[in-house]
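Trainee: Structure provided below as structure tokens; questions to follow.
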Amino acid sequence: MNDPFPPSAWERRFERVVEIVPYLTLATSLVISLASPEQPPGGIPRTLALTALALVWILGVRTLLPAAVRGRRVAVTAHFLGVLATAALLAFHDPIFVIYCISGFFLAAHFAPSKWTFAAVAATSVVLYGSTLDWSQATIQLIAFYLAIIAVQTVAIGGGSIAGIKIEERQRIYRKAVSDLQTALEENADLHAQLLTQAHEAGILDERQRMAREIHDTLAQGLTGIITQLRAAQRVEDSDTHVALALDLARESLTEARRSVAALHPHQLDDAHLPEAMTTLARDWAQSTGVDLHVEVTGDRIPLSPAIEVTLFRVAQEALTNVAKHAGATRAGLTLSYTGAVVLLDIRDDGTGIHDPDGRGFGLSSMRQRLRGVGGSLEIESTPGEGTAVSATVPALQGNPR
């Protein structure tokens, strides 16, 4: 199982340093000790023997142990006590080995964060200063001075070690939270894209069903009538009447075909974006109805995808048509708002209102179906005698600039 809070690069480097510090300090102390010209009788053999003991302890209790055993508290404690004991023997034999005693401060990090960290630092400080103190010349003041140094050093090194670990833990938790948030955002983005794709596919299906109904109700019936009249003309001598009816049906069918094609893409959007097309629509509507219509566009305008622009334009057309047919309004307003993630279309009037805003009339159903097809929604607020507000919301999916 993966560690949810893996060590940072700094922690991994520090752990490698802690592993090699005992070897470095022991080797440094040995080289300086052997290089000293003043050696007591039998001093070099004792130095080599004690150094070998320290080296064997480091290798046997730490380096050569399996990683699973090496990390246990018993093994860590035994390793630390052995290093400190051999350091004390070497330092009392030759004071230069206080360099090796410094290893204890690094090894104390294995106990962090706990009270044993302070104990390990304090023990190391006692050995370090105790081995350098000339106890035959020691005074109460000197001992108190050393004890003060040991106390300050214990608090500073032990507390700093624990504080560093706590800070690193918080940073790991922060990094994990940021990573989880990034993953959640990516998953939400994928989910949003899937929902938009599904909504778009649903919109295509709704549009196909609408076109199928229109073809069935208009073009198919017109063509059936034309065929019927032409067959009737073949069976009678005076066929002018049937041919004339067939021509009338053909003209009506052609008109319906053109209307259906025009419904797929408004000509107002051929050479203009949505704000300009809305302005043109509003101007023509106000001129034809005599209703005062105020148009406002807010936010940073961006080119939207053709499906979004056509949907909002058709919703505006249908809403204004309803105002002209049913509201009896004297004033109306159209607001197109670009708000970043979504685009809002609001159409208001001061007419008679709608008695059933949740009704399933053809106009309202058509608007809802169109908006659902692009992942949008429709809200209607109306009070009888106080007007109506129609609000459409769609995602601000950008298209290619024209």
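Trainee: Would you mind getting me the FRET efficiency between L34 and K115? Use the beta-carbon distance for r and R0 = 60 Å, nearest 0.05. Before the final figure, lay out each step's value.
Mentor: Values: r = 39 Å, r/R0 = 0.65.
Step by step, r from the Cβ atoms, then E = 0.95.
Trainee: Suppose R0 equals 22 Å. What FRET efficiency, 1/(1 + (r/R0)^6) with r the Cβ-Cβ distance, do K176 and L24 give to the nearest 0.05? Each step should come with its number before you reach the end.
Mentor: Numbers: r = 34 Å, r/R0 = 1.56.
With R0 = 22 Å, the Cβ-Cβ based efficiency is 0.05.
Trainee: Using a Förster distance of 60 Å, how high is the FRET efficiency between E381 and R13, based on the Cβ-Cβ distance and rounded to 0.05?
Mentor: Values: r = 64 Å, r/R0 = 1.06.
Given R0 = 60 Å and the Cβ-Cβ separation, E is 0.40.
Trainee: A follow-up question, please. Go through A327, G353, L378 and say which Cα lies farthest out towards the positive end of the charge dipole of segment 268-395; charges sit on Cβ, +1 for Lys and Arg, -1 for Asp and Glu.
Mentor: Working it through, the farthest residue towards the positive pole turns out to be L378.
Trainee: Now, a different point. Tell me, what HN-Hα J-couplings in whole Hz come from the Karplus equation 6.51 cos²θ - 1.76 cosθ + 1.60 at θ = phi - 60° for each residue of segment 323-334, using x for Gly and Pro?
Mentor: 4, 5, 7, 10, 7, x, 7, 10, 9, 8, x, 10
Trainee: Long-range amide H contacts for G351: which residues qualify at under 5 Å (H placed 1.01 Å from N, peptide plane, sequence gap of 5 or more or a different chain)?
Mentor: Placed amide hydrogens put G387, T388 under 5 Å from G351.
Trainee: Whose amide H sits under 5 Å from the amide H of G299, counting only residues 5 or more places off or on another chain, with H placed in the peptide plane?
Mentor: So G299 has HN proximity to Y338.
Trainee: Within the P(r) computed for segment 268-395, what percentage of the Cα pairs occupies the region above 26 Å?
Mentor: Values: 1220 of 8128 pairs.
That fraction is 15 percent.
Trainee: On a full-extension model of 0.36 nm per residue, what is the gain between R331 and H192, subtracting their alpha-carbon distance, rounded to one decimal in nm? Each step should come with its number before you reach the end.
Mentor: On the way: separation 139, 0.36 × 139 = 50.04 nm, distance 3.83 nm.
Separation in residues times 0.36 nm, less the Cα-Cα distance, equals 46.2 nm.
Trainee: Let me ask something else about it. Sort the following peptides by mean Cβ neighbour count (other Cβ atoms within 10 Å, averaged over residues), highest first: 184-193, 290-299, 370-379. Walk me through the numbers before you get to the answer.
Mentor: Details: 184-193: 10.3, 290-299: 13.8, 370-379: 19.5.
Top of the packing list down: 370-379, 290-299, 184-193.
Taken together, the values in this text are just the output of simple stated rules run on the coordinates, not laboratory data. This one's a predicted model, so the numbers in the text were calculated from it and none came from an experiment. FYI the Cβ positions are ideal-geometry reconstructions off the backbone, even for glycines, and counts take in every protein chain you see.
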